[in-house]
Structure formats: C-alpha cells, structure tokens
Amino acid sequence: MQDFLPVTKKEMKQRGWEQVDFAYITGDAYVDHPSFGTAIISRLLESRGYKVGIIPQPDWKKKESIQVFGEPRLGFLVSAGNMDSMVNHYTVSKKHRQKDSYSPGGQMGLRPDRAVIVYSNLIRQTYKKTPIILGGIEASLRRLAHYDYWENKVKHSVLIDSGADMISYGMGEHSIIEIADALASGLPVEELTYIAGTVFKCKDLSRVYEPIILPSYEEVREDKKTYADSFAVQYQNTDPFSARPMAESYGTKGYIVQNPPAFPLTQEEMDDVYAMPYTEKVHPMYEKQGGIPALEEIKFSLTSNRGCFGGCNFCALTFHQGRILQTRSHESLIEEATRMTKDPEFKGYIHDVGGPTADFRQPSCQKQLTKGVCKNKQCLFPTPCKNLTVDHSDYVSLLRKLRKIPGVKKVFIRSGVRFDYVVADRDKTFLRELVEHHVSGQLRVAPEHVSDQVLKYMGKPAHSVYQQFLKEYDGANKKTGKQQYAVPYFMSSHPGCTMKEAVKLAEYVRDLGFTPEQVQDFYPTPSTLSTCMYYTGIHPLTGEKVYVPKNPHEKAIQRALMQYKNPANRELVLEGLKMTGRMDLVGYGPKCLIRPLRENHGGKQHTQGSSRNAKNSRNSQNNKNNKNSSASAKKSTIRNIHKKNSGGGRK
C-alpha cells in the first residue's frame, strides 16, 4: 500500500505521519493514473515534499466521512472529479444516467449533485477556518456567475455557495504549488490574492491591480444582454499573456476576483508531470466491486498534448485548458508506451495518441509563445488564419517511433483529428500514414452539422471543407488499397439550428445510407460560448440575435429526424416535415424519409392522400434523382459501408 497515497488514518500512521498537509476530497474513485486530475495534483504536491491524503467519494450525509485524517495542516483540496457532477448524473433531457464510469463497477449515486458545493459545506460544518481550495472542471467552469441549465437560472460563482476560499482553475499544476508554498510559509489564505490561475473572495478591490469591473451578479441575473456582454469580456480574457484580473460584485458579500490564467506548462514541465511515480492502477479497495470502468477505457492510451486552438463554441476548453498547445516530448511518450508493453493485459494495441485534438502538436503560430492568442480572432474559423502553422511532421515522426516499439502491433488514433487542419496541410504524408497505419476500418470525425448557418454558430468550418476532407480521405484509402470509412458525429438542437436546418441534416444522413445509433443533442454546460447563446439568444461576440431551439418537443423532433428510420420516431419526423413544408419527403421515392401511413377503408387499404398525388410525388422525386445521380455516385462508397455498419454519434 506504500505505492498509493493514504486513504485511511491507519495508512497515514504507517507512513510515520501524524498529520497530512492536505486532505484531497474527490468525487471520483481513487485511481492513481495521470488521466485523473486527483492523481496529478496529489503526486505533484508529494514531489514537493507535501503530505497528501486522499478521501475518495466520501459519504456527503456524514461529517465523519471528511474527518478521515483529522484537520489537515494546510488545507482541504476539493474536486468533483474528472467530470462535472451534473453532466455525470444527467442526460441532456435531464434524466438520470444509469452508469458512472468513475465509480467502482460503474455504480451511480456515490457522489452528490454539485459535488464541490456539497463537499465544501460539509467541511465547513466541522472545520470553520481551515482553508478550502476548489479545483477540477466543475469549479473551474463555475468560477464566476454562470447560467445553470439544470435549474434554468443564473447562479453565483461557486465560491459564494460553497464557502470555500479559493479556486485553482484550469489544469492547476502551477497554481497549486504556489498556493501550497504560500500556506506553508505562514501566509493566511485571505492574503493569497496574487496567484495566476486562481479565483478568490474579497471585501474590496484594494489589493487588485487594474481589474476589469464586470457587471455585478444582480445585473447579469436580471438582464440577458448584460450577461452576454459580461461573457464576451471573460471570453476575451482567457489568455495568460494578455488577460487582466476581472472582478464581479456580489453586493454586501463583496467581490469575486479572477486572476489571469497560469502560464501553460513547458514541454519539460509536461514531461515531469507524466514521469511521477504513479502506480497507474485502481486502488485495491475497489477490486471486489469490479474496478473503475473509466480506467479501462484509457489504460492503453497516451496523452500527447493539452489545450486546443480549434475554438469550437460548444466546447469548454477555451475556459479550462486554454488555446495554447502544450506537448510532451517524444522521449516521454515512448517511455510510457514501452512501460505499457510490460503490462500483462497489454495485447499490442495502443488505443490512442492524442488529447483534445489528436493531430495538434505545436502552437498555432509562433506569436503565441510571446504574445498569446488573438483576442478577437480564431485560428481556424471561419477559415484558417494566414499566420497558422500547418504542420503534421512532428506528429508523424512520433507515430513512426511508437509503431517501432517492440511489442506494439498497432497504434490507433481515436481522440479525433481536426479535419480542416488536415485539409489545410499541403503535405499529405500524415493523411496517408493515418489511413495506412492508424485507422481500424472507421475513422470518427466531427463535422457536427451540414448547414453552414449552424456551423457558423458552432465555430466549425463550412460543410464544403468536410466534403473536401472526405474526398482526400477516400483518395488516400484507394492509394493504399484499403476500404476504410469516415463515421461522422452530428449534433442536434444547437443554437441557430431551425427545423429547416434539422431536415437538411436528415437528408444528408439519408444520402449517407445509415442511421446513427446515438445522436448528441446540444448540452448547455457552464462557460461555453454556445451555452451563452442558448441562454441569452445573443451571440456574445457579435451581438447578433440567434434562434435557439429550447422547447423539449422541438428538440425531440430535431433528434428524431436524424434517426428517421426508427419506427418509434415516425410521428415526430412527420410533424417536423409538416412544420417545414417538406411533405415531398413523405412517399415511396428513394429520397423520401418516411412512407405514407396506410388507412383501412371497407377492407381495402389506401395511403394517405390520393394515388395521383403519390404518383406525381414519385415522378417528381425520380426526376430529381436523375439530376443528382452523379452526386450520389460520389457517395456510394460511404453509403455501402454504413449499410453494413450502422455507426453512432457521440456517447
């Protein structure tokens, strides 16, 4: 048990400790693997000489559950875990999920809703003055006033409701060491107002240098336009080089102040993080309960990068990891991969080499290393910036080295490639080697939609770019003699998606010849630009009004249109076609989505509407088919595979 950090007072005593410096409370089960934030932060503190005890998934109904080690010398660290607890518990339709992959045996119910608030309040019932530092994605994305989808209202900064003292937001390695060192030096937690990558509470702004004064909580709660304006300021202050402190007033409760983000890790620092003495295992106490499913999914995968300059509006990475790419060295990744091959369970397959976007291996331009990312400009949207460095050579070199490791049979790429970045690369070496060595029959890509109007609000490239990628991907497969196919992810009900756009997507799915088994409805999670649009109906960066499908019935129709072949969806699909005046898609032609409903009259069956109308509809549709025959031929390859393999959208 010396390999794991202590989880009981007995184990603490066995180490010769009388007291821990930090008690780390997490909503996840204890997995000592660098894919889990708890493992990284606790091992990092350990490497600096701090004593850390882990309290995984405490019973939030009992104060004793957070008193395992007694009062820690320096403070409590609190995280909901690798996932937001609300996303972990509820589907987009607010129904309870059946499985928690971060709990033993996938068991649900081992963490509370809004875990960081509940855990912090539990601590405060016993330890009135002990510092509490929040971390992890749940706290990070709720660090200022935010729209809460589950309660459908604007909520306080999580610091207000939790009673905690600080948030270490983002990935947290730099800020947590500064916090620990400051507390160890004797500084009271209320004086830690200067640390990058943190959020703190204060009564006045006398200790804050030139802050941006955001609208108050009351103002953003009462007015959606003000909320959108405030979000725009926050969005433009997510870069460590150019961001300024931001202060949000809570009236008599004082201010919540966000310091600029911490600087990204250097490659050497990234290597150090992944070289710490992780056991890379689930704690033995979970063995009888079936282990932790989340570890099985990533056990033989490699994290090669952090951050993303892709800039998808529905993604929270801009607020959490930032837009500046951070990478591990080839040596660090090869060492980890070589260690994998010694695992008795390793079958020769590395499941993934990537991160938020697999094929990003350097900052989008050299300017970012000294001046940061552009405040009012994206690297890839709406088209690639003229200063964008498009280069897959380092990634290609890394993959070649990994393939040569003794014991490695195949290296897959499953965390997703950015197809517009691939198209922008004039050197097609990566695409050729991707097809030849790193795809197992199907490559999952994320065009998200086919309507340029919707794609604009998503921050994704025009549909023509995806079509160009398919053309190049198909060509690369033919050159290598392989039959491999692209399986697209699509999203329904995103802001800007009218029923007309939903029907357009359904027609595209029809032409592909397959029905997605899983469809992702847009999920409004805190601190994404798309969630701001969902709540306010305003694009915060342009002020443009945006149509938002919010009605649950309308969302159900949009979802059903993508799965129009499912008989259970027929009435919803028919309703959507009636709403858009697209009854030409009801009939017997190959372009029709659903068949007319048969009615029984006097023992004879008739279809809805006259037979003449049905015949005219078929003739009209057949004429259209003849005109489009050449376009359909181009898609025949993709159609054929999906007739054999019905693929899915996101989980």
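The values are calculated or read from the model by the stated rules, or taken from the named source; none is laboratory data. Keep in mind the model is a prediction, meaning the values are calculated, not measured. Note that each Cβ is placed from the backbone with ideal geometry, even for glycine, and that neighbours are counted across all protein chains shown. All accessible areas refer to the heavy atoms of the entire protein, side chains included, with ligands and DNA or RNA removed. Shrake-Rupley method; radii C 1.70, N 1.55, O 1.52, S 1.80 Å.
I'm checking my understanding of the structure. Among residues of segment 459-501 that are of a type in the set (S, T, N, Q) and more than 16 Å from Ala446 (Cα to Cα), which one is least open to solvent (accessible area, probe 1.4 Å)?
Filtering segment 459-501 for residues that are of a type in the set (S, T, N, Q) and more than 16 Å from Ala446 (Cα to Cα), the one least open to solvent (accessible area, probe 1.4 Å) comes out as Asn477.
Right, Glu138: farther than 16 Å from Lys63 by Cβ, among the acidic types (Asp, Glu) and assigned to a loop (DSSP other than H, G, I, E, B) or not? No. Examine segment 254-268 for a residue that is assigned to a strand (DSSP E or B), surrounded by 17 or more Cβ atoms within 10 Å (Cβ to Cβ) and of a type in the set (Phe, Trp, Tyr), and state whether such a residue exists. Yes, segment 254-268 contains at least one residue that is assigned to a strand (DSSP E or B), surrounded by 17 or more Cβ atoms within 10 Å (Cβ to Cβ) and of a type in the set (Phe, Trp, Tyr). Count of segment 123-147 residues, restricted to those that are more than 25 Å from the chain's Cα centre (by Cα) and open to solvent by less than 10 Å² (accessible area, probe 1.4 Å), is 3. Taken over segment 275-299, residues that are under 23 Å from the mean Cα position of the chain (by Cα) and open to solvent by less than 20 Å² (accessible area, probe 1.4 Å) amount to 3.
Is at least one residue of segment 463-479 more than 30 Å from Ile557 (Cβ to Cβ) and in a loop (DSSP other than H, G, I, E, B)?
No, the conditions are met nowhere in segment 463-479.
Looking only at segment 4-20, decide whether some residue is within 22 Å of Tyr169 (Cβ to Cβ) and either more than 29 Å from the chain's Cα centre (by Cα) or of a type in the set (D, E, K, R) (or both). No; the residues of segment 4-20 include none that is within 22 Å of Tyr169 (Cβ to Cβ) and either more than 29 Å from the chain's Cα centre (by Cα) or of a type in the set (D, E, K, R) (or both).
Taking segment 11-39 as the range and being open to solvent by 10 Å² or more (accessible area, probe 1.4 Å) and outside any loop (DSSP other than H, G, I, E, B) as the test, the residues that pass are Glu11, Lys13, Gln14, Tyr24, Gly37, Thr38. The set of residues from segment 148-162 being in a helix (DSSP H, G or I) and surrounded by fewer than 24 Cβ atoms within 10 Å (Cβ to Cβ) comprises Ile160, Asp161. Considering only residues in segment 524-565 that are farther than 25 Å from Asn237 by Cβ and touching a residue at least 60 places away in the same chain (Cβ under 8 Å), the one that is most open to solvent (accessible area, probe 1.4 Å) turns out to be Pro552. Under the condition of being farther than 22 Å from Leu265 by Cβ and either open to solvent by 40 Å² or more (accessible area, probe 1.4 Å) or modelled with pLDDT of 95 or more (or both), the residues counted in segment 349-379 number 6.
Inside segment 427-452, residues that are open to solvent by 20 Å² or more (accessible area, probe 1.4 Å), within 25 Å of the chain's Cα centre (by Cα) and within 21 Å of Ser364 (Cα to Cα) make up a count of 1.
For segment 269-287, the set of residues classified as assigned to a helix (DSSP H, G or I) and of a type in the set (A, V, I, L, M) consists of Met270, Val273, Met285, listed by residue number.
Regarding Tyr535, is this residue under 22 Å from Gly416 (Cα atoms), in a helix (DSSP H, G or I) and either aromatic (Phe, Trp, Tyr) or over 21 Å from the mean Cα position of the chain (by Cα) (or both)? So Tyr535 fails the test. Looking only at segment 314-330, residues that are out of contact with any Pro (no Cβ under 6 Å at 6 or more places or on another chain), farther than 15 Å from Glu173 by Cβ and part of a loop (DSSP other than H, G, I, E, B) come to 5 in all.
Taking (1) without any contact (Cβ under 8 Å) to a residue 60 or more places away in the chain; (2) closer than 26 Å to Val519 by Cα; (3) touching an Asp or Glu at 6+ places or on another chain (Cβ under 6 Å); (4) open to solvent by less than 40 Å² (accessible area, probe 1.4 Å) in turn, Met108 satisfies each apart from (4). Here is a check on your reading of the model: is Ala424 under 27 Å from Cys365 (Cβ atoms), open to solvent by 10 Å² or more (accessible area, probe 1.4 Å), under 25 Å from the mean Cα position of the chain (by Cα) and modelled with pLDDT of 95 or more? Yes.
If we scan segment 60-80, do we find a residue that is without any contact (Cβ under 8 Å) to a residue 12 or more places away in the chain, assigned to a loop (DSSP other than H, G, I, E, B) and of a type outside the set (Phe, Trp, Tyr)? Taking every residue of segment 60-80 in turn, at least one turns out to be without any contact (Cβ under 8 Å) to a residue 12 or more places away in the chain, assigned to a loop (DSSP other than H, G, I, E, B) and of a type outside the set (Phe, Trp, Tyr).
Tell me, yes or no, whether segment 485-494 has at least one residue that is touching a helix residue (DSSP H, G or I) at 6+ places or on another chain (Cβ under 8 Å) and either more than 20 Å from Tyr508 (Cα to Cα) or part of a helix (DSSP H, G or I) (or both). No, segment 485-494 contains no residue that is touching a helix residue (DSSP H, G or I) at 6+ places or on another chain (Cβ under 8 Å) and either more than 20 Å from Tyr508 (Cα to Cα) or part of a helix (DSSP H, G or I) (or both). Among all positions in segment 300-310, there is no residue which is surrounded by fewer than 17 Cβ atoms within 10 Å (Cβ to Cβ), aliphatic (A, V, I, L, M) and touching a residue at least 24 places away in the same chain (Cβ under 8 Å). Scanning segment 232-287 for residues that are among the aromatic types (Phe, Trp, Tyr) and farther than 30 Å from Thr327 by Cβ returns Tyr250, Tyr255, Tyr286.
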